[in-house]
Amino acid sequence: MQLRNSPSRYGLVSIVLHWGVALAVFGLFGLGLWMVDLGYYDPWRKAGPDLHKSIGLVLLAVMLVRVVWRFISPPPPAPANHGKVTRLASKLGHLALYLGLFAVMVAGYLISTADGVGIPVFGLFEVPALISDLPDQADTAGVIHLWLAWGIVIFAVLHGLAALKHHFIDRDATLTRMLGRKA
Ligand code: HEM
């Protein structure tokens with residue numbers, strides 16, 4: 001299978017990045033909601049947030065690679081049956097998902113660095129606390145993080161439903177292209 005995108009379909013790199021990021025986002029969401037309600041003596045009370053932050057920061061790096069890859073190998077154009085409104089809506093939707101993802105991860109970073117301590121990533125290395133003295137940093141970033149997390153997950157579900165609509169109703173290649181099939 002080709003690595004790069006072509007005018008008719010996505011390449012392996014874009015497909016792995018797409019589904020890998022989707023998996024990480026839903027996983028982080030579930031882990032995040034679960035971990036904040038853990039009891040004081042629960043062994044996962046520390047391990048949960050550590051795992052969440054480690055995966056979250058790796059995801060941040062992966063998303064930066066994904067943006068660069070988008071310039072190296074641009075995505076295929078929209079299927080021919082997509083009208084002007086659909087093309088605009090999908091462009092704006094994808095942009096909102098990208099911006100929302102970066103914003104939720106930056107907010108997560110700001111929660112974690114509010115105490116001025118760096119974030120260990122899987123115990124292998126540490127991401128330094130570059131910003132730690134914003135007013136009410138942890139609380140404000142925490143509220144923003146939660147709302148953005150819900151917003152992204154709801155948006156991602158709508159994005160998925162739109163792909164299913166294109167597949168089962170419009171019967172076009174929108175979904176199959178992201179599954180590696182040729183349009
Ligand atoms: C797509 C990426 C992410 C999603 C969807 C996500 C989602 C969530 C959710 C749903 C919560 C629970 C919030 C609450 O109930 O108050 C949470 C908590 C948290 N997240 Fe994330 N997160 C992401 C990335 C990150 C990153 C990159 C970091 C840090 C580097 C991070 C750090 C935290 C911290 C420290 C908490 C605990 C906040 C508290 O104890 O109130 N998250 N996250």
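The values are calculated or read from the model by the stated rules, or taken from the named source; none is laboratory data. Keep in mind that this is a model prediction, so the values were computed, not measured. Note: ideal-geometry Cβ built from the backbone for every residue, glycine included; neighbour counts use all protein chains shown. SASA here: full protein model, heavy atoms, side chains in, ligands and nucleic acids out. Shrake-Rupley method; radii C 1.70, N 1.55, O 1.52, S 1.80 Å.
Points to keep in mind about this one:
- Which listed residue, of Ser112, Ser132, is near the ligand (Cβ under 8 Å from one of its atoms) and either over 17 Å from the mean Cα position of the chain (by Cα) or within 20 Å of Lys91 (Cα to Cα) (or both): Ser112
- So Trp44, is it touching a residue at least 24 places away in the same chain (Cβ under 8 Å) and aromatic (Phe, Trp, Tyr): no
- Positions within the range 126-183 being part of a helix (DSSP H, G or I) and among the acidic types (Asp, Glu), in sequence order: Asp139
- Residue check, Gly83 away from the ligand (no atom under 15 Å from the Cβ), in contact (Cβ under 8 Å) with a residue 12 or more places away in the chain and not hydrophobic (A, V, I, L, M, F, W, C): no
- Matching residues in the range 28-53 - criterion: being within 8 Å of the ligand (Cβ to nearest atom) and closer than 19 Å to Glu126 by Cβ: Pro49, His52, Lys53
- Within the range 106-116, being open to solvent by less than 80 Å² (accessible area, probe 1.4 Å) and over 14 Å from Leu59 (Cα atoms) holds for Leu110, Ile111, Ser112, Thr113, Ala114, Gly116.
- Selected residue (only one of Ala103, Ala89, Ala163, Ala78 is open to solvent by less than 90 Å² (accessible area, probe 1.4 Å) and within 12 Å of the ligand (Cβ to nearest atom)): Ala103
- Enumeration of residues in the range 61-75 that are within 19 Å of the chain's Cα centre (by Cα), away from the ligand (no atom under 16 Å from the Cβ) and either without any contact (Cβ under 8 Å) to a residue 60 or more places away in the chain or surrounded by fewer than 15 Cβ atoms within 10 Å (Cβ to Cβ) (or both): Val68, Trp69, Arg70, Phe71, Pro74
- Any pair with Cβ under 9 angstrom, 6 or more apart, that starts in the range 147-159 at a residue that is under 23 Å from Thr174 (Cβ atoms) and open to solvent by 50 Å² or more (accessible area, probe 1.4 Å) and ends at one that is small (Gly, Ala, Ser) and part of a helix (DSSP H, G or I): Phe155/Gly93; Phe155/Ala96; Phe155/Gly100; Leu158/Gly93; His159/Ser90; His159/Gly93
- Residues of the range 21-43 satisfying the condition of being surrounded by fewer than 15 Cβ atoms within 10 Å (Cβ to Cβ), within 26 Å of Pro128 (Cβ to Cβ) and of a type outside the set (Gly, Ala, Ser): Val36
- Residue within the range 48-70 that is at pLDDT below 95, of a type in the set (Ser, Thr, Tyr) and on the phi < 0 side of the Ramachandran plot present: no
- Residues satisfying the stated conditions in the range 126-145, i.e. of a type in the set (A, V, I, L, M) and surrounded by 11 or more Cβ atoms within 10 Å (Cβ to Cβ): Val127, Ala129, Ile131, Leu134, Ala138, Ala141, Val143, Ile144
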